[in-house]
Structure formats: C-alpha cells, structure tokens
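The values are calculated or read from the model by the stated rules, or taken from the named source; none is laboratory data. Predicted, not measured: the structure shown is a model, and the values here were computed from it. Counting neighbours? That spans all protein chains shown, and the Cβs are built from the backbone with ideal geometry, glycine included. Heavy atoms of the whole protein, side chains included, go into the accessibility calculation; ligands, DNA and RNA do not. Shrake-Rupley method; radii C 1.70, N 1.55, O 1.52, S 1.80 Å.
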Amino acid sequence: SNKPLMVIHHLEDCQYCQALKKAFAENEEIQEMAQDNFIMLNLMHETTDKNLSPDGQYVPRIMFVDPSLTVRADITGRYSNRLYTYEPQDIPFLIENMKKALRLIQTEL
C-alpha cells in the first residue's frame, strides 16, 4: 500500500501507556491521519526483535517503519534516553512526526 507503518508498543497495565492511548484517541487530527494514511500495528506485548527495540525495551513507544521495513531512526520523540517514547503532552510533536513520516515516504518512493 506504500503507506508508512506506525508500530505502537504498549501494555494494558502501564499507566503511561493508558494516558498516551487516551490522548491519542481523543485527538481528531491523529485519528484521521491514522485511519487514512498509516498502517497501524498495536503490540500489547514486548518483543525480542531487536529491530523493534533498537534502543531498549520500554513502553509506550511509537516507531515509524517505511515500506522497506526499516525503522526510521530519523523520526524520534523528544527524549534522548528513550528515543521512541511519547507522553500525552507530546501529542503535537507526534502529529508533526506523523506528517514527517508521510512526507519522507512520498519523497523516497
């Protein structure tokens, strides 16, 4: 489909995951982009795949993967100690990264 893949790692019993999930669900712009422009993959268990945990295993984390199945190391969150984590207050930053993923996919294909 040549859409970017958005992989969301989270756990049911994680309060930070639940807070991010709520903020994600309540944001209309994110919901529209997620539905129209991305393939979404929700992983509710930790993976041993090093490609999906390049900087460690923590939740929540959101990674963008291009059609060549490469995790985009150039699309990360705001935190240097956990590159792919987002917090509820980071929703505007996540929106910008979703737009960046769409731009990069369009220009690189």
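Calculate for the chain the 222 nm mean residue ellipticity that helices alone would give, adding -39,500 (n - 2.57) per DSSP H run of length 4 or more and normalising by residue count, nearest 500 deg cm²/dmol.
So the helix-based figure for the chain works out to -11500 deg cm²/dmol.
If a/c stays under 1.5 just call it rounded; otherwise compare a/b with b/c (prolate if a/b is bigger, oblate if not). Do that for region 5-102, with a ≥ b ≥ c from the square roots of the Cα gyration tensor eigenvalues.
rounded
Relative to a virtual label point 7 Å from the Cα of Asn37 in the Cα→beta-carbon direction, which members of region 87-104 show backbone nitrogen distances below 15 Å?
Within reach of a label on Asn37: 92-104.
Just read off the accessible area of Glu28 with the full protein assembly in place, 1.4 Å probe, to the nearest 10 Å².
We get 150 Å² for Glu28.
Using a 1.4 angstrom probe, figure out how much accessible area the chain has per residue, in square angstrom, rounded to the nearest whole.
On a per-residue basis, 58 Å².
For region 5-102, which whole-number percentage of the solvent-accessible area (1.4 Å probe, protein heavy atoms only) is attributable to carbon and sulfur atoms?
52
Given labels modelled 7 Å from the Cα in the Cβ direction, how far is it in nm from Arg103 to Leu11?
Reported label-point gap for Arg103 and Leu11 is 3.6 nm.
If r is the Cβ-Cβ distance from Ala25 to Thr47 and R0 is 30 Å, what FRET efficiency results, to the nearest 0.05?
So, using R0 = 30 Å, E works out to roughly 0.85.
Shape call for region 67-108 from the C-alpha gyration tensor, a ≥ b ≥ c root eigenvalues: rounded (a/c under 1.5), prolate (a/b greater than b/c) or oblate?
oblate
Given H placed 1.01 Å from N in the peptide plane, which residues other than close sequence neighbours of Leu43 have an amide H under 5 Å from its amide H?
Ile8, His9, His10
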